[in-house]
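The values are calculated or read from the model by the stated rules, or taken from the named source; none is laboratory data. Note that the coordinates shown come from a computational prediction; the quantities given were computed from them, not determined experimentally. Ideal geometry is used to build each Cβ from the backbone, glycine not excepted, and the neighbour counts take in all protein chains shown.
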Ligand code: NAD
């Protein structure tokens, strides 16, 4: 772990497991309560000098984190596949994206509003840093999501204590180690441990903000425990994203896009298309083409050449998916492909596509967070919009049509923070991302995301001193 600029071990450890082989790949330090206290104290001590640095110096350091990621890209990619399971293309996307994010966030300027009120009076509204930020990340994109938090937090002048998921701590620990080579001690601290460590961080009175990515259930707990000292919070939570496919698309061409919309990263993606609504006129053609395309995709060990989709990242999620599949089978749902989890080593779940299950079935209502996809028929736009919106979630959605105006009309009626039209999973450091309803609170990325790491301060000045 990196605490106060030093590389430190812990008294106890937990195991990191390669999900493709179930082999233990590392003994990971399990931070004690005292070590968390030391990390927060180090971040608190580093805050004054760090926030006082000129912003361009801070930005240069963030860009340097990006350089360090790029210089170590090959070992990051290997480690990411080893600990997370994802295949090479996914690892390249994540590691390349992480470097890119650092460099781009390092170009963003916080707004400063100044106004002359006349008669010697003026007003200025500026953004000031918060202090120590606690960052907590999940196991699907461990490196990228850590960068999404560290870069804007530091740019705005804060210091950070980061806790990765206990399932995927290795890339994040490595990132902390690399950054400590040039960042002042205490500016970024990385501590590993279980959920209890997350609770210590979210309750800590010296932590001023929590930036959390994870499930909605944990997000609720974070919100509750952050209330002690009224911490600022950004919560990026779960989703059950609908895709709506209109009858004017080419069924075969769209099938490949829909496949990756749903199954990228083995569907362990907050913004995967998790329910695909297909117009009745093309439902049979699209579902057939999807199943055919699925037959060309290889699931396996992400480190093997030719693998497209890796395993499920951990046993807990693997067991949840097996339970979901058992429920689908027990309730008589029709599998178009997949459904049988093979015996053997590794947490492999086959690509599973389910034919038009009832709207209230578990595979439709729940966020599977794995390769189990329901296809649903619709005929009426009002009906499909209502079904798409009938969820506690509101993370993202997609609409697929050759009639862009019609797609736009539908997009505007969807209760979700991001709606893609004829594409999916496009992100940018300069475009806001955040969930509606119980998919989150606040924004990441863009100036809006940067602002979330600040307080607003207004200074009124009267030059006509009495
Ligand atoms: P999770 O909520 O189980 O865990 C996320 C993190 O929270 C982990 O680091 C965990 O140790 C920590 N944690 C657990 N209990 C805690 C507590 N009481 N206090 C503080 N921290 C605690 O989520 P997960 O299973 O790792 O990730 C999958 C979920 O994340 C899915 O629901 C997915 O949709 C969501 N997700 C959302 C986004 C987004 O941007 N909206 C991105 C990726 C993943």
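Quick rundown of the values:
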{"quantity": "Enumeration of residues in region 210-231 that are under 25 Å from residue 269 (Cα atoms) and touching a strand residue (DSSP E or B) at 6+ places or on another chain (Cβ under 8 Å)", "calculated": "210, 211, 212, 213, 214, 218, 219, 222, 223"}
{"quantity": "Flag for residue 94 being touching a residue at least 60 places away in the same chain (Cβ under 8 Å) and within 16 Å of the ligand (Cβ to nearest atom)", "calculated": "no"}
{"quantity": "Residue in region 2-14 that is in contact with a helix residue (DSSP H, G or I) (Cβ under 9 Å, 6 or more places away or on another chain), assigned to a helix (DSSP H, G or I) and exposed (fewer than 14 other Cβ atoms within 10 Å of the Cβ) present", "calculated": "no"}
{"quantity": "Residue in region 21-29 that is in contact (Cβ under 8 Å) with a residue 12 or more places away in the chain, surrounded by fewer than 17 Cβ atoms within 10 Å (Cβ to Cβ) and over 30 Å from residue 302 (Cβ atoms) present", "calculated": "no"}
{"quantity": "Which listed residue, of 99, 89, 73, is within 22 Å of the chain's Cα centre (by Cα), under 28 Å from residue 314 (Cβ atoms), assigned by TED's automatic domain parsing to the domain that holds residue 181 and loosely packed, with under 15 Cβ neighbours inside 10 Å", "calculated": "89"}
{"quantity": "Those residues of region 261-286 which are more than 10 Å from the ligand (Cβ to nearest atom) and within 15 Å of residue 364 (Cα to Cα), in sequence order", "calculated": "262, 267, 273, 275, 276, 277, 278"}
{"quantity": "Among (1) assigned to a helix (DSSP H, G or I); (2) out of contact with any helix residue (DSSP H, G or I) (no Cβ under 8 Å at 6 or more places or on another chain); (3) surrounded by 19 or more Cβ atoms within 10 Å (Cβ to Cβ), the one test that residue 264 misses", "calculated": "(2)"}
